[in-house]
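What follows is one structure encoded as structure tokens, with my remarks underneath.
The values are calculated or read from the model by the stated rules, or taken from the named source; none is laboratory data. As the structure is a prediction and not an experimental result, all values here were calculated from the model. Neighbour counts run over all protein chains shown; Cβ positions are idealised from the backbone, glycine included. Please note that ligands, DNA and RNA were not included when accessible areas were found on the heavy atoms of the full protein model with its side chains. Shrake-Rupley method; radii C 1.70, N 1.55, O 1.52, S 1.80 Å.
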Amino acid sequence: MSMTRRMVLGGAAAGAGLLARPAILKAQAPKTLKLSHQFPGGTLEQGDFRDRICRKFAAEVEKRTNGALKVDVYQNSSLMKTLAQFSAVRKGALDLTLYPLAYAGGEIHETNIGLMPALVTNYDQAAKWKSAPIGQELAKILDDKGVVILTWVWQSGGIASRGQPLLGPEDMKGVKIRGGSREMDAVFLAAGAQVSTMPSNEVYIGMQTGALDAAVTSSTSLISFRLEELTKNLTSGRGRSYWFMLEPILMAKSTFQALTPEQQKVVREVGADLEPFGTEAAKQDDAEVEKVYKAKGAQVHELTEEHIEKWRALARDTAWKDFAAKTKKAAELLKLAEATA
């Protein structure tokens, strides 16, 4: 090799080394992740707890990584439409979302189990899912589809009705209602209701225009979306309900894998550490919703075990059967869930 060629190659290698250095520096620069959700925004201390848990997650991740990892929170579907969030996380186009899992049921059938009527009926039962075989299997299904569960958040729900009280299946005939999932809709249809599909942040307009007579949603959404302004009768989800929604914080697997091992440990730990806050805040809203609606003149009604049993009997013959029949994996999941009582 001639001297000139050696010098050119040596110079090129040195140049490549210099070019590589900014990349090294860049890798050490703070990484900013985007977290999107559909709920009203607030602060760390005030507002919808689902927004607050996201802000707490962001603050704690930044603190524990010494600023190497930052999380920007986009509330109220301000970054993208509500139903686009799950797909975006799967594809890695969005880093994180707090998402009602059953909304993903059209994309991954098995996620419908995140809002299966009368399957989970109280917080103690819900809390068992994460470490039980049902939780591990559901987490694996999501992981295989490119999604990592970081925080398990469960919420009880109630019914806001513009008309009569709605407690048992026998009260539903002819009622135009929003159920919140394919399986909840199946049960309401079986009870003689007319169902309408929409995310919770669109329910107010539905009730205001008369497209809906009633809506079942989480206690927190019943407060945040101001449905008390349109409600005569509230069925409370305090203590027990046939409507329990899994609304986890999810991360794109591609985003998770791009983090350092230490950062992966931090996001998992922060996610888990926030679960008690989520449960307590959800329970507080179950009590608060009753006060808010009473203050606006609505009548408040509580579900009894007898009501729950009627819904379970109907659900077992309709929604549960429909869910299990779709895929072998769904049938296995349902069995695991039933075993987690």
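Put simply, of Ile149, Ile113, Ile134 the only residue that is within 21 Å of Leu83 (Cβ to Cβ) and either at pLDDT below 95 or open to solvent by less than 10 Å² (accessible area, probe 1.4 Å) (or both) is Ile113. Scanning the range 214-240 for residues that are open to solvent by 10 Å² or more (accessible area, probe 1.4 Å) and either part of a strand (DSSP E or B) or touching a His at 6+ places or on another chain (Cβ under 6 Å) (or both) yields a single hit, Asn233. The set of residues in the range 317-331 being in contact (Cβ under 8 Å) with a residue 60 or more places away in the chain and open to solvent by 80 Å² or more (accessible area, probe 1.4 Å) consists of Asp317, Lys326.
Ala211 meets all of the listed conditions (1) over 22 Å from Thr111 (Cα atoms); (2) part of a strand (DSSP E or B); (3) small (Gly, Ala, Ser) but one, namely (2). For the range 266-287, indicate whether the set of residues that are hydroxyl-bearing (Ser, Thr, Tyr), within 17 Å of the chain's Cα centre (by Cα) and part of a helix (DSSP H, G or I) is non-empty. Yes; the residues of the range 266-287 include at least one that is hydroxyl-bearing (Ser, Thr, Tyr), within 17 Å of the chain's Cα centre (by Cα) and part of a helix (DSSP H, G or I). If you filter the range 48-77 down to residues that are without any contact (Cβ under 8 Å) to a residue 24 or more places away in the chain and of a type in the set (Gly, Ala, Ser), you find that the one that is nearest to Ile249 (Cα to Cα) is Ala58.
Looking across Leu246, Leu259, one residue alone is out of contact with any Lys or Arg (no Cβ under 9 Å at 6 or more places or on another chain) and not basic (Lys, Arg). It is Leu246. List every residue pair whose Cβ atoms sit under 7 Å apart, with the two residues 6 or more apart in sequence or on different chains, where the first one lies in the range 80-93 and is under 19 Å from Asp143 (Cα atoms) and the second, anywhere, is assigned to a loop (DSSP other than H, G, I, E, B) and open to solvent by 40 Å² or more (accessible area, probe 1.4 Å). Partner pairs satisfying both residue conditions: Phe86/Glu107; Ser87/Glu107; Ala88/Met80; Arg90/Lys145. So in the range 32-79, with the set limited to residues that are under 19 Å from the mean Cα position of the chain (by Cα), charged (D, E, K, R) and not in a helix (DSSP H, G or I), which one is nearest to Thr97 (Cα to Cα)? That would be Lys34. The sole residue among Gly180, Gly192, Gly174 that is closer than 19 Å to Thr121 by Cβ and either touching a strand residue (DSSP E or B) at 6+ places or on another chain (Cβ under 6 Å) or in a loop (DSSP other than H, G, I, E, B) (or both) is Gly180. Taking the conditions (1) assigned to a helix (DSSP H, G or I); (2) crowded, with 21+ Cβ neighbours inside 10 Å; (3) touching a residue at least 40 places away in the same chain (Cβ under 8 Å) in turn, Thr97 satisfies each one other than (1). The selection criterion, being in contact (Cβ under 8 Å) with a residue 60 or more places away in the chain, more than 23 Å from the chain's Cα centre (by Cα) and surrounded by fewer than 13 Cβ atoms within 10 Å (Cβ to Cβ), does not hold for Glu302.
The single condition from (1) open to solvent by less than 50 Å² (accessible area, probe 1.4 Å); (2) modelled with pLDDT of 95 or more; (3) polar (S, T, N, Q) that Thr82 fails is (2).
The number of residues in the range 171-185 that are more than 16 Å from Leu303 (Cβ to Cβ) and of a type in the set (Asp, Glu) comes to 2. I'd like to know if the range 163-170 contains one or more residues that are surrounded by fewer than 23 Cβ atoms within 10 Å (Cβ to Cβ), in contact (Cβ under 8 Å) with a residue 24 or more places away in the chain and polar (S, T, N, Q). Yes, some residue in the range 163-170 is surrounded by fewer than 23 Cβ atoms within 10 Å (Cβ to Cβ), in contact (Cβ under 8 Å) with a residue 24 or more places away in the chain and polar (S, T, N, Q). Consider the range 75-122 and keep the residues that are touching a Cys at 6+ places or on another chain (Cβ under 9 Å) and not polar (S, T, N, Q). The one that is farthest from Asp51 (Cα to Cα) is Leu96.
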